[in-house]
Amino acid sequence: MKKGLTYFYRYLPVSRKDRDHSLYVVAGGYTLIPPEMPYPPVKHPLDHQMSWDCGRTLSEYQIVYITRGSGEFESADHDLKQITAGNIFILFPGIWHRYKPDRTSGWDEYWVAFQGNGIAKLLTEYGFSVKEPVMDVGVLEFVLHEFRQITEELNGEKVGYQRVIAARTVQIMANTHAAIRRKEFEGTDIQRIIEKAKSLLSEQIQLSVNVEQLASSLHVGYSWFRRMFRQYVGMPPAQYQLQLRLNRACELLRNSLLPVGVIAEQTGFLSSYYFARVFRKKFGRSPTAFRKKAG
């Protein structure tokens with residue numbers, strides 16, 4: 001091992017059964033590269049070797065997370081970009097790319113490579129794009145934790161590890177998406193107003209929400225509030241409160257002996273009939289059947 005260099009990587013044998021899954025991991029690892037070290041500092045299989053002059057094209061997807069240092073990234077669909085600690089970028093199969101750390105800083109990189117017929121849908125869902133492959137999430141322990149756990153599973157190769165590392169790869173996508181969304185709203189008036197609205201809806205779960213009045217009480221316009229609430233939470237305020245009501249109803253059905261009619265009243269439904277209809281639509285069974293199954 002070169003002085004000051006720490007690394008681990010593993011390229012996996014993949015069974016036919018693994019290939020039937022929507023996502024399966026084919027390799028992963030990390031390299032902690034000190035300043036002034038040539039890049040790449042270790043040898044990989046020929047189809048994964050890369051130089052800055054030539055770049056490379058892979059047959060699989062890779063997610064790379066930089067947690068220290070800085071460098072550069074370029075791909076066929078993205079101009080040269082400066083990379084800093086906290087950046088995460090994705091490599092797409094069949095797309096030429098190259099990247100390297102600055103000689104003066106080096107960098108720490110964690111990566112996982114994967115394939116599967118369900119990946120395109122996952123990437124769209126979590127906001128990864130071949131046109132915008134670099135995202136700034138910050139150096140976050142909960143993101144780094146997933147890469148470290150993948151490395152631990154790769155090192156041990158215990159029974160069932162392939163499904164575990166596949167699930168953790170999806171979790172990396174979800175964590176990345178969540179981190180970007182949180183950075184987008186962090187410290188803004190939108191965050192303050194919508195969090196206040198969520199609190200009010202939760203406190204007044206038994207009352208039917210009037211979104212216009214709620215917006216007025218928060219000193220914002222109705223259209224703006226409804227649009228920002230949906231962007232921040234992922235659903236309109238009335239639907240959000242309905243979900244709170246149904247969740248509370250489930251708790252009462254599981255953990256109390258209250259009649260269904262009383263539960264309907266306590267969770268803000270106008271009648272037992274309406275409550276049962278909405279409940280069945282959401283959970284596929286009546287409140288009474290839900291209670292019996294939960295018991």
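Since every read-out is calculated from the coordinates, none of them should be taken as a lab result. Quick caveat, the model's predicted, so the values are computed rather than measured. Glycine gets a Cβ as well: all are built from the backbone with ideal geometry, and neighbour counts include every protein chain shown.
So here's what we get for this one:
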{"read-out": "Full-stretch length increase - Arg280, Thr84 - with 0.36 nm per residue and alpha-carbon distance subtracted", "value": "65.6 nm"}
{"read-out": "Rg(Cα)/(2.2 N^0.38 Å) for region 168-234, N = residue count", "value": "1.30"}
{"read-out": "5 angstrom amide H check on Gly86, placed H, neighbours 5+ away", "value": "Ile66, Thr67, Arg68"}
{"read-out": "Relative contact order (percent, whole number), the chain, Cα cutoff 8 Å, 6+ residue spacing", "value": "14"}
{"read-out": "Spin-label zone in region 280-295 - amide nitrogen under 18 Å from a point set 7 Å from the Cα of Leu257 along the C-beta vector", "value": "288, 291-295"}
{"read-out": "Segments 193-200, 84-91 sorted - mean Cβ within 10 Å per residue, highest first", "value": "84-91, 193-200"}
{"read-out": "Label corresponding to percent of Cα pairs over 29 Å apart when calculated from the structure given, among (1) 52; (2) 24; (3) 33", "value": "(1)"}
{"read-out": "Within straight-line cross-link reach of Lys198, lysines at Cα separation under 27 Å, skipping those fewer than 8 residues along the same chain", "value": "Lys183, Lys281, Lys282"}
{"read-out": "Mean Cβ count within 10 Å, highest first, over the residues of peptides 241-254, 117-130", "value": "241-254, 117-130"}
{"read-out": "Helix-only mean residue ellipticity at 222 nm for the chain, each DSSP H run of n ≥ 4 adding -39500 (n - 2.57), per residue, nearest 500", "value": "-14000 deg cm²/dmol"}
{"read-out": "Potential lengthening between Gln266 and Ser223 on full extension [0.36 nm per residue; Cα-Cα distance subtracted]", "value": "12.5 nm"}
{"read-out": "Region 87-132 and region 222-275: distance between their alpha carbon centers, rounded to Å", "value": "40"}
